[in-house]
Amino acid sequence: MVDTFPGLFWGYTAIWAILVLYIVRLAIRINRLEKRIKSSEDSHKH
Amino acid sequence: MKNLLRIDILAISLTGIIIAYANYLVFMVVPNERIMGAVQRIFYFHVGSAIACYVAFGIVFVSSLAYLARRDRVSDAISEAAAEVGFVFASIVLLSGMIWGKVAWNTWFNWEPRLVSFLLLWMIFLGYIFLRAFGEPSRVATQCAIIGIIGALMVPVVIFSVKLLPQVFQLHPQVVEKQGLREPLFVSTMFYSMGALTLLNLVLIWLRARITLTDEKLNEETW
């Protein structure tokens, strides 16, 4: 008999997928914010 | 900036792929352990989280020393990020260990060297987080650097504490130290789960430190 847990596998896959997508969203927001700060700093210099 | 986003997406994607593979190994490939059965699978999350938190506290140690030497914002931001993320992984270690202990040995907690020293480590970093939140702004960075160094020095104490008493007196198994994992599939699953959680740990520290630095730059712009 093979010891597999498909219910737990798909449950944890869903949890990990949500977490990874949230981290991607966080990274995009941070990059957007850093870009705005940099362009604001550049406009102050000029 | 575009390159930084590309690096972020690449790092997160790599982490996601290794997490997905480790998840598949844990629930669909690795067999039940002969004595403990299915509950032994908590081991892969428990040990993986422990390694991730030790790496995070190692980063706290180095960045805290760097802050005390140079007094720069980047070192302080990295130290803060690593302490927070490390604390989360330490909490996962405690919780998963307690669940495993209850199911396998009918004990939530035992007052033995490994468990007590790890609880002390967790409490030191809980104190660190409270100090960050409520400490005096002009002094909090230095105080947290000192606490971070002290807390990180607990990590080798935790690792070697399991040698203080013979195994028969301890609940915490010495599986890895005594090379108890002989089945290659168990070993490779352990390494994949350790790798997955450590990468996740590093990505979270990287992003969290940038949030702190970006927040500070925004506050400077406002004022």
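Here are the numbers:
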item: Long-range HN-HN contacts of B:GLU33 with modeled amide H, under 5 Å; result: B:GLN40
item: Gain upon complete extension [B:LEU10, B:PHE130; 0.36 nm per residue less C-alpha separation]; result: 39.8 nm
item: Projected area, mean over directions - chain A, Cα convex hull, nm²; result: 3.6
item: Ranking of B:TRP105, B:TRP122 by count of other Cβ atoms within 10 Å, fewest first; result: B:TRP105, B:TRP122
item: Chain B, relative contact order [Cα under 8 Å, separation at least 6], %; result: 34
item: Within the protein assembly as shown, helix-based [θ] at 222 nm, where runs of 4 or more DSSP H residues each add -39,500 (n - 2.57), nearest 500; result: -28000 deg cm²/dmol
item: For B:ASP76, A:ASP42, B:ASP8, order by how many other beta-carbon atoms lie within 10 Å, fewest first; result: A:ASP42, B:ASP8, B:ASP76
item: Cα→Cβ-extended label distance, 7 Å offset, between A:ALA14 and B:VAL62, nm; result: 3.9
item: Largest-first ellipsoid semi-axes for the protein assembly as shown, taking √(5λ) over the Cα gyration tensor eigenvalues, angstrom; result: 37, 25, 13
item: Cα lying deepest toward the dipole's positive end in chain B, options B:PHE61, B:SER79, B:LEU25, charges on Cβ; result: B:LEU25
item: Fully extended contour minus Cα-Cα distance, from B:ASN110 to B:LEU153, at 0.36 nm per residue; result: 13.2 nm
item: Rounded to whole Hz, the Karplus (6.51, -1.76, 1.60) HN-Hα couplings of segment B:34-51, x for glycine and proline; result: 4, 9, 8, x, 5, 4, 4, 5, 4, 3, 5, 6, 5, 5, x, 5, 5, 4
item: Normalised per residue, the volume of the convex hull around the Cα set of segment B:1-110 (Å³); result: 111
item: Computed E for B:PHE160/A:THR4 - FRET, C-beta separation, R0 30 angstrom, nearest 0.05; result: 0.20
item: Highest-fluctuation residue, B:ARG70, B:ARG208, B:ARG41 considered, GNM on chain B with Cα pairs under 10 Å; result: B:ARG70
item: Inter-label distance for A:ILE37 and B:ILE99, nm, one decimal - labels placed 7 Å from Cα along Cα-to-Cβ; result: 3.7
item: Share of alpha-carbon pairs per 5 Å distance bin for chain B, given as whole %; result: 1, 7, 13, 16, 17, 15, 13, 9, 5, 3, 1, 0, 0
item: From phi via Karplus (6.51, -1.76, 1.60), per-residue ³J(HN,Hα) for segment B:99-115 in Hz, x at Gly/Pro; result: 5, 4, x, 5, 6, 7, 10, 6, 9, 5, 8, 10, 7, 10, x, 4, 5
item: Residue order, fewest to most beta carbons within 10 Å, for B:GLU216, B:GLU84; result: B:GLU216, B:GLU84
item: Karplus 3J(HN,Hα) series, Hz, for segment B:210-219 with 6.51 cos²θ - 1.76 cosθ + 1.60 (x for Gly, Pro); result: 5, 4, 4, 5, 5, 4, 5, 5, 5, 5
item: Tilt relative to chain A, helix A:6-45 - C-alpha long axis, 0 to 90 degrees, to 10; result: 0
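Read the figures in this text as sums done on the coordinates, not as results from a lab. Quick caveat, the model's predicted, so the values are computed rather than measured. Glycine also receives a Cβ, built like all others from the backbone with ideal geometry; neighbour counts cover every protein chain displayed.
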